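Take a look at the structure below.
Just so you know, all these numbers are worked out from the coordinates, no wet-lab data involved. Nothing here was measured: the structure is a model prediction, and the numbers come from that model. Cβ: placed from backbone, ideal geometry, glycine included. Neighbour counts: every protein chain shown.
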């Protein structure tokens, strides 16, 4: 079996980066940082004292006799074990309610800019079966072909593709490197020979089918939903009116679990609003509304007051905050599962990218929680060969994990789901390999970059704790294919296959109302109309906007695309109320 | 009084630097939470709390790492650490541009035309904790690469209580056989695998048992390096009673880990824990590898470790004992004491003279 090398290895040999393994901030104890713990040198003494106290408290709480700390393990939720001071403090407060106060006042460490670990690199999968030589040869040919394309040598690339096609007839393309190589050869062929812009094909409806099968065939989307829901649930604690904004409703698969969890909340459920964003339906159907109706039905059955609004938009940057109708006093959660990367542009292209304005208006909503789940991959590199290499190894690992699921799955349905799930991934591969500039949507970036971006926009991190971790781990035990692993990385969770993380979840907040809160930029359209903060459900009369939103509980007329906004291709849809 | 649960940190605090004390105390308390009295283990929380690092095929300080799945049936992963590869300009498969040279041929290329050691490393954790990608062990393995100009193979063996004896040993032996089958790990004119088995705590125990199995399979091991190896027995020894609870470790936790690892119903005189005890085997006349055994003078199980060294000597085996009187467990995790640096030198000499 073959190694799991890093994509970056392809171009790393010339320069040996001789850097200190941990690039911690000067005040942090460097040796502990190397061990994965972030402690200020100046705090060491206090942390030591607290550790002693914690031990005493643990011994004391066990009441003598045999020692049992299980309640600390099972009942307490642990957050970000790297921040040792906070961890010790939180354990202490579990055991000793009358506690004189934490080591440091600020619960979260300042800034995500401390890079404790080296620039995250990955050990990545490339499947090697008995045909190891053919496999190596295929990879070599793929690289050479990609490099030829990067140099503009179409002829060489074409002939290499021919050679690969020949080789593919001789290897087993049912699994392993043969299968993955097949998809990449297909993508390279399209890039070379397609006359039209090889944009992602297929309708939204087709995409939803693919998505659904990917959801079934692997734990990645389920992990995304579980983890995000857990964070949202915790953030909504103590709030009676909550509003979830889903950046990509799809079939609304994420929400039944949240609705049910809210229904079971001690003290009773809040009233829940869900705003689902999705593409407009071309055929006159209103798919967003249909999903809203289904969710409303479920909410009714578990006695959760529920209201749904659909916002049809082809692109997230067509959405304007006023469409979301965030009401004052409600706790807002923004949920983005694999959507934000579509708003990125080439890293070296000048000017602002759509992501900046979108993150800015999300921040302006003052959300209690923003859940971000993204592919853990560096697929937004400007150089084609770099990108190609990263993608080859990322999707090799992905396909490997799907295969293990298929090999162990018994039902024919599972087999079919896997096959269609591969087509879902193929779309991504084609996009990454074939598309350039504004045509490319799958601009995946690594967690560390998302963290930096969120931090720069002014979001504060919310640590995903051991509850979410445990849920995710237990989810995995339901899946055969024992190579999946969940990892905690400084407050975020990743799900991966055989030590390679493939998907990363993080959570953020922007709900502190400081005086120096970030002002809304002037070039935002919504600032010229009455801001959402002045609306509430009972008097919402924004006639000057041509909005026909009169939410007094009844079904509303659909708003036509109004023309007072120039580049607005989205439309408001009706509110659907449950209960 | 020894054996009590009184917390008296003063002795341990004076024995180690403050950051080491914080590190090991944190492990101790976290581990206390994970062990349940009924013998089960809170694996989810253990994985959550464990600080891990990714493999990194871009060289950092001259060392790169990558993971490899060597046995699909048991999901056995190893993390391989090696010096920066020398670009091979003579390989016909390699095109002039380094960017397109086959990834694998670079990573799995021979580090050097001269003989080099391959160190198979088994991380510690009392058979239940840690992984090959745990940060503290990643650091240690990287250090071994530079120290000994070696390729280090860190084995992510199956842990107890989910997987008891002999799973860890089987995984260790699988890794050894795998190494034997890798052409790029063979070096020198005679194209030999110059393999060392090493480990700390439970890893040291595994190294010993894999070495025994290697003898039975005719595989030659150049040397064993055992750091605070984990051994035990049914009796209570003087060091156990004297040091119980004083330096991060208690007899109670040792008992728990043995119970979790050994077969149900076995006691600590099982040969796994007590290889030279009543159920041990006789190694006399067998080609057991040369051993370097490092024992910390403040480790409560040292009497068992010393008995192990005695056992090897009685069997006429070549063993060098390095006894660090003032060292505690885990002294090799942070490079902030003489113990650390002097033991690293011993390891370096041992490897180079036996390679």
Query - residue B:353-residue A:46 pseudo-label distance in nm [points 7 Å out on the Cα-to-Cβ vector] - result: 5.0 nm
Report task. Considering only DSSP beta bridges where both residues belong to chain B, give the percentage that are antiparallel (nearest 5). Result -> 40 percent
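Would you calculate the volume per residue, in Å³, of the smallest convex hull containing every Cα atom of region A:147-236? Please list the in-between numbers first.
Details: hull volume 15.4 nm³, N = 90.
So the per-residue hull volume is 171 Å³.
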**Report entry** Dmax and Rg, reported as Rg then Dmax, of region A:160-295 (C-alpha, Å)
**Finding:** 21.2, 66
Report summary line: So the pair-distance distribution of region A:351-434, from every Cα-Cα distance in 5 Å bins, comes to percents of 3, 11, 16, 15, 14, 14, 13, 9, 4, 1, 0
Query raised in the report: Where the Cα atoms of region B:222-313 are projected onto their three principal axes, how long is each span, largest first, in whole Å?
Result: 38, 31, 20
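What FRET efficiency, computed as 1/(1 + (r/R0)^6) with R0 = 25 Å and r the Cβ-Cβ distance, is obtained for residue A:93 and residue B:43, rounded to the nearest 0.05?
The pair residue A:93/residue B:43 has a calculated efficiency of 0.50.
Given the convex hull over the Cα atoms of region A:237-295, what projected area results after averaging over all orientations, in nm²? Please report the intermediate quantities before stating the final value.
Working: hull surface 16.6 nm².
So the mean shadow area of the Cα hull is 4.1 nm².
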Query raised in the report: residue B:336 label point, 7 Å along Cα→Cβ, cut-off 19 Å on backbone N: hits in region B:239-279?
Result: B:247-249
**Report entry** Where labels lie 7 Å past Cα in the beta-carbon direction, separation of residue B:313 and residue A:412 in nm
**Finding:** 7.2 nm
Query raised in the report: If the chain between residue B:320 and residue B:191 were fully stretched, how many nm would it gain, using 0.36 nm times the residue separation less the Cα-Cα distance?
Result: 43.7 nm
Requested in this report: Let me know the mean shielding of B:31-41 by other chains, meaning the per-residue number of their Cβ atoms within 10 Å of its Cβ.
Outcome: 4
Report summary line: Per the Kirkwood formula over distinct C-alpha pairs, the hydrodynamic radius of region A:250-362 in angstrom is 15.8 Å
Query raised in the report: Say each of residue B:345 and residue A:61 gets a label point 7 Å from the Cα, pointing the same way as Cα to Cβ; how far apart are those two points in nm?
Result: 4.6 nm
Report summary line: Summing -39500 (n - 2.57) over every DSSP H run of at least 4 residues in chain B and dividing by its residue count gives a helix-only mean residue ellipticity at 222 nm, to the nearest 500 deg cm²/dmol, of -11000 deg cm²/dmol
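Please give the peptides A:216-225, A:496-505 ranked by average Cβ packing (other Cβ atoms within 10 Å per residue), highest first, as a rough proxy for protection.
Per-residue Cβ counts within 10 Å, averaged per peptide and sorted highest first, yield A:496-505, A:216-225.
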Report task. Return the average number of partner chain Cβ atoms within 10 angstrom of each residue Cβ along peptide A:46-57. Result -> 4
Requested in this report: Determine, for each peptide in B:246-259, A:330-343, the mean count of other beta carbons within 10 angstrom over its residues, then list the peptides with the highest first.
Outcome: A:330-343, B:246-259
Query raised in the report: Where does chain B land on Rg(C-alpha)/(2.2 N^0.38 Å)?
Result: 0.98
Report summary line: Taking every residue of B:208-220, the Cβ atoms of other protein chains inside 10 Å of its Cβ average out to 0
Query raised in the report: Dividing the alpha-carbon Rg of region A:352-508 by 2.2 N^0.38 Å yields what?
Result: 1.13
Report task. Rounded to the nearest 0.05, what FRET efficiency do residue A:478 and residue A:239 give with R0 = 30 Å and r taken as the Cβ-Cβ distance? Could you check? Result -> 0.45
Query - For peptides B:343-353, A:391-401, sequence by mean Cβ density within 10 Å, most packed first - result: A:391-401, B:343-353
Report task. Go ahead and collect, in residue order, the members of region A:410-443 whose backbone nitrogen is under 17 Å from a label point 7 Å along the Cα-Cβ direction of residue A:192. Result -> A:430, A:433-435
